[in-house]
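Data first, discussion second: the structure below is written as structure tokens.
Quick note: the coordinates plus some simple rules give every number you see, no bench work behind them. For clarity, every value in this text was computed on a predicted model and none was experimentally measured. Note that each Cβ is placed from the backbone with ideal geometry, even for glycine, and that neighbours are counted across all protein chains shown.
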Amino acid sequence: MLFYVVLLLLGAGAYYYHFTANRKKIIERLEVVAQRRRDDLAKNVVETRRIADKLDPKRRDYVGGLDFIQLQNELQKGTVTCVEAVRTYFHKAILAHEKTNAVTCFILEADQQAEELDEKAKQASYVKPPMFGVPLSLKECLKVKGYDTTRGFVQDAYRPATEDSIQIEHYKKLGLIPFCQTNVPQSLLSYNCSNPLFGTTTNPFDSTRTCGGSSGGEGALIGGRGSIIGIGTDVGGSVRIPCHFTGTAGIKPSKMRFAHRGGGASVPGKPMIDANDGPMAQDVRANVEFLRNVWGDIDFQSDRDPYCPPVHWNESLYSSEKKLRVGYYIDDGWFTPTPALQRAVLESKKHLENAGHTVIPFYPPRLTKVMQLYFRAVCLDGGQYVLNKLLKDIIEPTIRFQVTLWMVPTWVQRILSYPVSLVFPRMAVLMQSLTRDTFELREAYADIEAYREEYVGMMMKDNLDVILCPASVMPAPQHDIPSKVVSGVSYTCLYNLLDFGAGVVPVTTVSKSDEEKLINEYPETDKWYQTVKKATIGAIGMPIGVQVAAPPFREEAVLRTMREIELAITGK
Ligand SMILES: CCCCCC/C=C\CCCCCCCC(=O)NCCO
């Protein structure tokens, strides 16, 4: 017996030695690559600045002061040139990048592309496309020919995409000019924004706090006024959470509204959790104008990807005079949001009622079960795919907590969950979520299908057009918090599980009285509540958005509701 114990210990020791020696070699090699990539970015910024500086500062200030619609109009009229637009946004993006570390690469050909468009515009026969010359920023994981899509993995640096994705091709056809790529968290499965290649992107309102993720570079850049419109991706809140954290507006459409051929996913092969790309901008109007043009011309994508149905922009749904029926909630029953987030929903409810809409309470059913189904279906192999990739890379310290969860075998998590449930029941729910076997996975898929039916059934019973609810559980926290509170995505991931269109519009900022309420009334019943409470103290002035959601192919109703809230708040 002793012999076998010694043999086992020796085996474990040898495995551990081999594993750590191997990791050390990988890390040493990748640190050289990461340093080289950062040096290249520094040179890329210098070159971008050189190009940006060719534009007269007075002109730059003028062009930089235009909103999306004004810029689009002036480019159409020819009173602003494409070169002026691109150089202005090169300049503005450098300023935002210096503050937040949002950019991973400037696309220098943007200047050339702008010159070519200006040249074409001189021909009398040339018809300008609808978004002629508007600069577009892109989340780093989107495929642009000649540029990396590392998703924060050092191992994927210097492996540029060989083709533009269909969506990028389409945006160029519509006249948009991709001018930079923006930072993401390593693996994209986080709502912070740090990776070992490009470092941490910070919130433009407070550098000690995260800009959100995974489209965090977009949030920081647009919120920091370094881009007028950008594209993010969202499998659990990655467009909506950065919008909420940075005071920007964006929408994750239901999955089928864009072509996915030639694109990439954070975890390929997870059929029941629907991700999509989506626009992010300084206001809702820009999102509307962008999608009106993209979906107005969706045949371009459908012709190249037969899985993308040719569903066109539905102007009558967006511009309808018919009053809406809105279901709202301020607490999903899984994770009570901090006071400012609840207040934002109640204020939005008032705005919608003042506009004549009917707003009634709605209770999303069984969120505890939903959380288990979401984590089971998003990490459908128990996190193995992502973990394998992480173990071949330098692991980002701010996501170490969730990486540790992936490393503990499922059966160990299940056993530990029983004692844990006595003191921390919500954590136990998470520990029981990763898949044990294919039987359980099939069951989860069936449960998601049933949940979708139940949810839309509830909406139909009350004749609801859209749902209004919080965008998250807290305002932007410190950089390490998202990994420690992964369950904080309940307000957004629900709408990936349902495959609804869902967007976020900025509504307010955290006030002193929100902070007082937080200190006096916010629960401290478990570690997650304590962490969220602590992270929210000191967040006075941070932006707060609300979320609006509707079943698939009704994104225009979501945008209409968002726009009505925006109009009531800003008056423009
Ligand atoms: C014991 C359970 C372990 C769970 C570990 C955490 C796993 C996954 C976290 C998912 C968090 C999703 C954040 C949103 C990310 C997103 O939308 N990314 C976009 C990708 O296109």
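Put +1 on the Cβ of each Lys and Arg and -1 on the Cβ of each Asp and Glu in the stretch 416-533; which of Ser472, Ser511, Asn496 then has its Cα farthest toward the positive end of the dipole?
The residue sitting most towards the positive pole is Ser511.
Taking every pair of alpha-carbon atoms in the stretch 364-434, give the share separated by more than 18 Å as a whole percent.
Percentage above 18 Å: 43.
At 37 °C and 0.692 mPa s, grab the translational diffusion coefficient of the stretch 1-156 from Stokes-Einstein with a Kirkwood Rh over Cα pairs, rounded to a whole number in µm² per second.
171
What's the percent breakdown of Cα-Cα distances in the stretch 284-415 across 10 Å bins, shortest bin first?
Computed distribution, short to long bins: 9, 20, 22, 31, 16, 2.
Compute the distance in nm between two label points, each set 7 Å from the Cα along the Cα-to-Cβ direction, one at Lys77 and one at Met458.
Here the modelled spin labels are 5.0 nm apart.
Treat every Asp and Glu Cβ in the chain as -1 and every Lys and Arg Cβ as +1, leave all other atoms uncharged, and give the resulting dipole magnitude about the Cα centre to the nearest 20 debye.
For the chain, the charge dipole is close to 780 debye.
Under a 5 Å amide H to amide H cut-off, with H placed in plane at 1.01 Å, what residues pair with Val546 once short-range neighbours are removed?
Counting only residues 5 or more places away or on other chains, the set is Val505, Val507.
Could you point to the residue in Gly212, Tyr89, Ala249 farthest towards the positive end of the chain's charge dipole, with +1 and -1 charges on the Cβ of Lys/Arg and Asp/Glu respectively?
The Cα lying farthest towards the positive end belongs to Gly212.
With θ set to phi - 60° and the Karplus curve 6.51 cos²θ - 1.76 cosθ + 1.60, what are the ³J(HN,Hα) couplings of the stretch 513-519 in order, to the nearest whole Hz, using x for Gly and Pro?
Calculated HN-Hα couplings, in order: 6, 4, 5, 4, 5, 4, 5 Hz.
Which of Leu352, Val267, Leu174 sits closest to the plus end of the dipole of the chain, meaning its Cα is farthest towards the positive end, when Lys and Arg get +1 and Asp and Glu get -1 on the C-beta?
Val267
When the helices in the chain are scored as -39500 (n - 2.57) per DSSP H run of 4 or longer and the sum is shared across all residues, what 222 nm value do you end up with, to the nearest 500 deg cm²/dmol?
Theoretical 222 nm ellipticity from helices: -15500 deg cm²/dmol.
Could you go through the stretch 216-233 in sequence order and give the Karplus-derived ³J(HN,Hα) for each residue, using 6.51 cos²θ - 1.76 cosθ + 1.60 with θ = phi - 60°, rounded to whole Hz, and x for Gly and Pro?
My calculation for the stretch 216-233 gives x, x, 5, x, 5, 5, 6, x, x, 6, x, 8, 9, 7, x, 10, x, 9 Hz in order.
For the stretch 417-461, state the average projected area of the convex hull of the C-alpha atoms over all orientations, rounded to one decimal in nm².
If I average the Cα hull's projected area over directions, I get 4.1 nm².
May I ask which of Lys512/Lys533; Lys58/Lys139; Lys252/Lys461; Lys54/Lys92 have a Cα-Cα span longer than 18 Å here?
Over 18 Å apart, Cα to Cα: Lys58/Lys139; Lys252/Lys461.
Can you tell me the dipole magnitude for the stretch 187-313 around its Cα centre, using point charges on the Cβ only (Lys, Arg +1; Asp, Glu -1), in Debye to the nearest 20?
Rounded to the nearest 20 debye, it is 200 debye.
Per residue, what volume in Å³ does the Cα convex hull of the stretch 138-190 take up?
Spread over its residues, the Cα hull of the stretch 138-190 gives 76 Å³ apiece.
How far is it, in nm, from the label point at Lys517 to the one at Arg366 when both lie 7 Å from their Cα along the line to the Cβ?
3.1
Once Rh is set to the Kirkwood radius over Cα pairs, what Stokes-Einstein translational diffusion coefficient, in µm²/s, holds for the stretch 49-140 at a temperature of 4 °C and a viscosity of 1.567 mPa s?
Approximately 95 µm²/s, per Stokes-Einstein.
Give the cross-link partners of Lys24 among the lysines, using a straight C-alpha distance below 20 Å as the criterion and excluding same-chain residues fewer than 8 apart.
Once the sequence-local lysines are set aside, what remains near Lys24 is Lys389, Lys392.
In whole Å, what are the extents of the stretch 334-405 along the principal axes defined by its C-alpha atoms, from largest to smallest?
So the extents along the principal axes, rounded to whole Å, are 56, 25, 19.
Can you give the Rg/Rh ratio of the stretch 80-219, where Rg is from the C-alpha atoms and Rh is the Kirkwood radius?
That ratio is 1.01, to two decimals.
Quote the relative contact order of the chain in percent (integer), defining contacts as alpha-carbon pairs under 8 Å separated by 6+ residues.
Value for the chain: 15 percent.
I'm a student and want to see the number: the projected area of the Cα convex hull of the chain, averaged over all directions, in nm².
For the chain, averaging the hull's shadow over all directions gives 27.5 nm².
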